[in-house]
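Right, one structure below, let's go through it.
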Amino acid sequence: MRIRTRFAPSPTGNVHIGNIRAAIYNWLFARHEGGEFLLRIEDTDLARSTPEAVRTVLDSLAWLGLTVDNEPLYQSTQRERHLEVAEELLSKGAAYREDRGGTGRGEAVVFKMPGCDITYDDLIKGPITKKAADLKDFVIVRSDGSPVFHLGNVVDDITMGITHVIRGDDHVENTFKHAAMYAAIGAPPPRFAHLPMIVNAQGKPYSKRDGDAYVGEFQEKGFLPEALFNALALLGWSPGDDREILTREEMIEAFTLERVRSSPSQLDMTKLLWFNGQHLKRRAPEEQVAGYVAALRQQGLWREDISEDYLRAVIACMGERVRLYSELGEQAAYFFTEDYVYDEKSVRKRLLKEGALGILREELSALEAVGEPYTAANTEEALRALAEQTGRTMGDMVHPVRVAVSGTAVGPGLFELLATLGRARVLARIRRTLEKFETQE
RNA sequence: GACCCCAUCGUCUAGAGGCCUAGGACUCCAGGUUUUCAUCCUGGCAACACGGGUUCGAUUCCCGUUGGGGUCGCCA
């Protein structure tokens with residue numbers, strides 16, 4: 001039989017990482033088995049299910065590359081089918097009408113539990129049994145005639161031909177109800193697998209106050225979809241060897257439900273950042289450009305006259321110092337503005353030290369003497385010659401220039417930095433720095 | 001409260017009775033490389049919640065305790 005899984009979110013706004021992780025596992029499982037991954041929008045709560053909310057769900061799936069094999073089934077379109085099944089259940093005696101609690105609201109349709117213990121074999125947790133005494137009848141159609149979640153969920157899974165229901169831990173109790181309904185309807189039940197919850201940094205369930213809980217937040221912060229995918233997939237699942245950085249294909253290849261853990265876990269932001277850095281450096285340079293431009297634009301550092309060649313040079317220059325697009329602007333705004341800040345500590349240590357400004361002035365002459373092309377090799381040669389002449393170390397040479405042209409003591413190799421910045425900028429910045437601090441001394 | 005689930009370094013995890021003086025990753029620390037930082041290399045700190053069993057032998061199996069979580073709706 002062809003494997004079929006589904007993701008069945010109720011579109012109530014942003015998609016939580018716990019839910020998207022369930023979607024990832026459904027997708028991975030279906031792809032691994034050569035089956036299908038379907039989407040159902042559980043939009044019966046019309047008040048909360050807006051078109052924008054549906055859009056958000058679709059966007060999140062698309063962003064993460066979770067390709068769906070069907071046109072999404074909107075649960076609200078299935079209402080008649082749900083009610084039909086309720087009638088069948090009624091006529092079979094598997095359900096009855098009752099004014100629950102005698103509220104006078106009218107009669108609801110109540111599903112009758114079979115009166116025996118129910119056991120189902122969870123693909124992740126193993127067999128779980130519930131005693132008959134702990135199983136209560138429940139409403140499947142409200143007194144106003146609308147179907148309840150349990151009815152719609154089961155009926156839709158049957159009509160969609162779902163073979164494996166992979167969902168959050170919070171549904172285990174429902175599974176006994178659902179299993180009983182499959183039996184009453186006379187449909188073969190799917191296999192169930194319940195994923196442990198993802199908890200917040202305090203090890204507690206997520207609350208509205210917690211940040212970093214929704215897919216959109218990571219997207220906005222500039223995380224790479226493949227990095228979030230990878231990190232989330234490895235929360236609760238592992239390939240069985242020591243691999244951590246995996247491509248989608250490698251995960252599909254290795255994914256099995258047997259290797260999913262049954263204890264909750266938390267998403268560590270520091271490690272997520274590491275995942276991002278790893279995936280970032282695996283991206284082709286041309287793929288990176290757009291991401292950097294978007295981040296720089298957001299930071300107000302982008303100007304349309306900046307050439308792509310220049311940006312590429314900057315990216316190459318910064319190398320693995322950047323793990324997230326936004327870190328480029330944070331760490332090295334000086335590539336994009338003349339108005340960079342002079343880090344106070346760096347200035348004190350490298351420029352205001354005895355004789356530093358004198359050295360810098362000598363270096364200015366040496367660097368002025370270097371013509372185009374202003375390559376790393378050429379500028380290095382000039383400063384090496386100066387160091388030899390004056391009996392100084394390269395350290396003495398490098399530090400003042402670095403602070404002068406970038407305002408900070410940390411960054412890429414100095415000569416790559418100079419070559420990237422270009423002759424005009426370098427000389428202008430050194431002159432300006434000299435002016436600024438010589439008068440200050 | 002009742003029922004169900006969970007429990008290995010700070011975090012993510014490997015481990016399915018002896019291969020474990022418990023392995024890997026992130027973070028952190030030290031050293032090396034480098035003009036600085038980052039990368040990279042080397043090394044280090046750090047865990048089987050507790051108590052009983054079962055067994056020649058338990059991180060691994062069973063029971064209990066403790067702790068955490070889920071569910072108890074005419075919500076989904």
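The values are calculated or read from the model by the stated rules, or taken from the named source; none is laboratory data. Treat the numbers as computed from the prediction; the structure is a model and nothing was measured. Heads up, the Cβs are rebuilt from the backbone with ideal geometry, glycines too, and the neighbour counts pull from every protein chain shown. The protein model used for the area step is the full one, side chains on, heavy atoms only, and it has no ligands, DNA or RNA in it. Shrake-Rupley method; radii C 1.70, N 1.55, O 1.52, S 1.80 Å.
As a check on your grasp of the helix formula, calculate [θ] at 222 nm for chain A: sum -39500 (n - 2.57) over DSSP H runs of n ≥ 4, divide by the residue count, round to the nearest 500. So the calculated ellipticity at 222 nm is -14500 deg cm²/dmol. Along region A:23-29 the Karplus relation, 6.51 cos²θ - 1.76 cosθ + 1.60 evaluated at θ = phi - 60°, assigns HN-Hα couplings of 4, 4, 5, 4, 5, 4, 5 Hz to successive residues, with x for each Gly and Pro.
When the convex hull of its Cα atoms is viewed from all sides, region A:344-438 shows a mean projected area of 5.2 nm². Taking A:124, A:41, A:306 in turn, the Gaussian network model of chain A (Cα-Cα springs below 10 Å) assigns the largest fluctuation to A:306. Mind checking the angle between helix A:172-185 and chain A's longest principal axis? C-alpha axes, 0 to 90 degrees, to the nearest 10. That works out to roughly 40 degrees. For chain A, the solvent-accessible area of protein heavy atoms averages 48 Å² per residue (probe radius 1.4 Å; ligands and nucleic acids excluded). Please give the helix A:51-63 orientation as an angle from the longest Cα principal axis of chain A, in degrees from 0 to 90, rounded to the nearest 10. Roughly 60 degrees between the two axes. Backbone amide hydrogens, once placed in the peptide plane, bring residue A:199 within less than 5 Å of A:265, A:266, A:267, excluding anything fewer than 5 places away on its chain. For all pairs of alpha-carbon atoms in chain A, what percent lies in each bin of width 10 Å, listed from the first bin to the last filled one? So the P(r) values, bin by bin, are 4, 17, 21, 17, 12, 10, 8, 6, 4, 1, 0.
For chain A, the share of accessible area belonging to carbon and sulfur comes to 49 percent (1.4 Å probe, ligands and nucleic acids excluded). Within the listed set A:330, A:320, A:304, the Gaussian network model of chain A (springs between alpha-carbon atoms below 10 Å) gives the highest mean-square fluctuation for A:304. Going by a ≥ b ≥ c, the root eigenvalues of the Cα gyration tensor, does region A:16-150 fall in the rounded group (a/c under 1.5), the prolate group (a/b larger than b/c) or the oblate group? In terms of gyration-tensor shape, oblate. Once C-alpha pairs closer than 8 Å and six or more residues apart are averaged by separation and normalised to the residue number of region A:344-438, the relative contact order reads 39 percent. Counting only DSSP beta bridges with both residues in chain A, the antiparallel share comes to about 55 percent. Sort out for me the Cα centre separation of region A:410-441 from region A:287-348, rounded to whole Å. Cα centroid to Cα centroid, the span is 16 Å. Alpha carbon centre of region A:206-244 versus region A:21-58: separation in Å? Between the Cα centre of region A:206-244 and that of region A:21-58, the gap is 17 Å.
For region A:71-225, the share of DSSP beta bridges that are antiparallel, to the nearest 5, is 70%. Over the C-alpha trace of region A:145-251, radius of gyration and Dmax come out as 17.8, 54 angstrom.
Divide the volume of the convex hull around the Cα atoms of region A:345-386 by the residue count and you get 75 Å³ per residue.
Taking θ as phi - 60° and the Karplus parameters 6.51, -1.76 and 1.60, the scalar couplings of region A:230-238 work out to 4, 5, 5, 4, 7, 8, x, 9, 9 Hz in sequence order, x denoting glycine and proline. Sorting the segments A:289-296, A:178-185 by their residues' average number of neighbouring beta-carbon atoms within 10 angstrom, most packed first, yields A:178-185, A:289-296. Can you give the percent of C-alpha pairs in region A:284-335 whose distance is more than 19 Å? Roughly 11 percent, once rounded to a whole number. The alpha carbon centroids of region A:131-166 and region A:249-284 are separated by 33 Å.
Dipole magnitude for chain A: computed about the Cα centre from +1 point charges on Lys and Arg Cβ and -1 point charges on Asp and Glu Cβ, it is near 780 debye. The coefficient of translational diffusion for region A:201-334, derived via Stokes-Einstein from the alpha carbon Kirkwood radius under 10 °C and 1.306 mPa s, stands at 96 µm²/s. Each Cα pair under 8 Å and six or more residues apart adds its separation to the average, and for region A:66-136 the resulting relative contact order is 18 percent.
Take every Cα pair under 8 Å whose residues are at least 6 apart in sequence, average their separation, divide by the length of chain A, and the relative contact order is 12 percent. Amide H contacts for residue A:148 (H built 1.01 Å from N in the peptide plane; partners 5 or more residues away or on another chain; cut-off under 5 Å): A:141, A:142.
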